[in-house]
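Notes to accompany the following structure.
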Amino acid sequence: MQKIKYILSAVCVFCLGVSDNTVAKEANTQLLQQGPYKIYHEQALEVLDLNNPVKTLASGYDWLEGPVWVNQGGYLLYSDIPNHQVYKYTPDKGASLYLAHSGYSNGLIVNKQNELVLLQSRSRVISKMKTPLSTPKSQYLQIVSHYNGQKFNSPNDGVFNDQGMLYFSDPPYGLPNQLDDEGKELKFQGVYSLKNTGELTLLDRDLIYPNGVALSADNKTLYVAASNANKPAWYQYDLNDRGAVVSKSIFYELPPVIKHDQGLPDGLKVHKSGIIFATGPNGLWLFNKNAELLAQIEMRNISANLTFNQSQNRVYITAHTQLLALDLK
């Protein structure tokens with residue numbers, strides 16, 4: 001085991017892409033640093049093995065997003081958005097093309113019926129694949145495309161709760177000119193919920209760039225990343241038993257991001273331990289439910305999104321042109 005380096009610091013120097021007043025909540029205590037890992041709280045060591053390197057599994061893509069693990073089959077699916085394709089990664093076989101025409105999918109989700117749901121950003125709709133996961137074809141059934149008669153901006157990321165309600169974000173990223181695109185019909189960027197009955201509810205219209213979404217295991221808390229360089233943050237929405245929003249608050253906020261090539265808050269998932277894994281400036285950020293920063297893990301490329309395998313002892317990261325993985329405890 002390599003020697004562990006201890007550093008006493010008042011500033012999180014790891015966050016090179018963030019203005020230099022970014023201070024971790026644990027920054028006045030000793031930091032444990034080893035390789036790409038910076039540890040701010042011992043809770044992070046419940047899931048992180050500091051001897052595990054970040055692995056490159058596949059490369060040569062244009063922009064990867066939306067990873068989802070398929071339990072029945074034991075493989076990963078992920079979107080290459082500009083190339084209009086979905087790829088499959090199987091641990092013992094590597095990467096292969098899964099869908100030749102994805103509808104410009106971003107987020108991918110597997111629903112309770114074991115169907116593939118695609119948030120087709122540039123197509124501006126949410127659809128599901130008509131064929132079973134085991135026999136993929138570029139044939140889709142549209143689920144939802146409009147709010148109050150106006151077309152979505154570009155559905156981005158989503159998550160189902162235990163009752164099958166879909167929570168999703170709708171930023172402008174799939175539009176050629178984003179906020180200023182002449183084809184933009186909605187005057188805002190929303191966070192929504194969609195019931196099995198087809199009832200669509202706008203939960204929040206105040207985030208400029210809502211992005212990744214995740215749910216706590218008890219379905220009581222919705223987390224949403226905001227990729228706003230002027231106010232990069234993760235938000236928390238408390239939910240009632242019907243899945244409706246009771247209150248909203250800032251979960252964790254960063255200072256303005258100056259170097260945009262280091263990434264912004266983007267995808268996030270909640271590990272079975274309760275620890276929240278989120279992509280952000282320079283890599284992965286780990287938080288506990290009390291919004292304490294536990295650790296940061298430096299990634300080689302901008303990290304867009306992530307997901308876990310079924311046993312949750314590995315996290316897969318879609319990082320620009322590469323698919324990465326990190327083995328956990």
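Observations
- Dipole of the stretch 254-329, positive direction: furthest Cα of Asn313, Leu254, Ile297, with charges on the beta-carbon: Asn313
- In terms of other Cβ atoms within 10 Å, Phe308, Phe251 run from fewest to most in the order Phe308, Phe251.
- For the stretch 63-128, the extents of the C-alpha atoms along the principal axes are 34, 26, 15 Å, listed from largest to smallest.
- Relative intensity of the stretch 200-329 on a log10 scale, I(q)/I(0) at q = 0.14, 0.23 Å⁻¹, equals -0.60, -1.46, per a Debye sum over C-alpha point scatterers of equal strength in the absence of solvent.
- Separation of the stretch 103-148 from the stretch 186-263 is 21 Å, based on Cα centroids.
- Sorted by Cβ neighbour density within 10 Å, fewest at the top, the residues Arg205, Arg242, Arg314: Arg242, Arg205, Arg314
- Across the options Val159, Thr135, Val191, the greatest Cα extent toward the positive end of the charge dipole of the stretch 131-191 (unit charges at beta carbon of Lys, Arg, Asp, Glu) belongs to Thr135.
- The chain - charge dipole about Cα centre, Lys and Arg +1 at Cβ, Asp and Glu -1, debye rounded to 20: 520
- Selected from Thr307, Thr135, Thr318 as most flexible by GNM, with the chain as the system and alpha-carbon contacts under 10 Å: Thr135
- Legend: translational diffusion of the chain by Stokes-Einstein, Rh = Kirkwood radius over C-alpha pairs, 10 °C, 1.306 mPa s; D = 80 µm²/s.
- Cβ crowding within 10 Å, taken as a proxy for footprinting-reagent exposure, orders Ile81, Ile275 from fewest neighbours to most as Ile275, Ile81.
- Alpha carbon convex hull of the stretch 225-269, projected area averaged over orientations, nm²: 3.6
Values quoted throughout were computed directly from the atomic coordinates according to the rules given, and no laboratory measurement underlies them. All values reported here derive from a predicted model rather than from experimental measurement. As a convention, Cβ positions derive from the backbone with ideal geometry for all residues, glycine included, and neighbour counts pool all protein chains shown.
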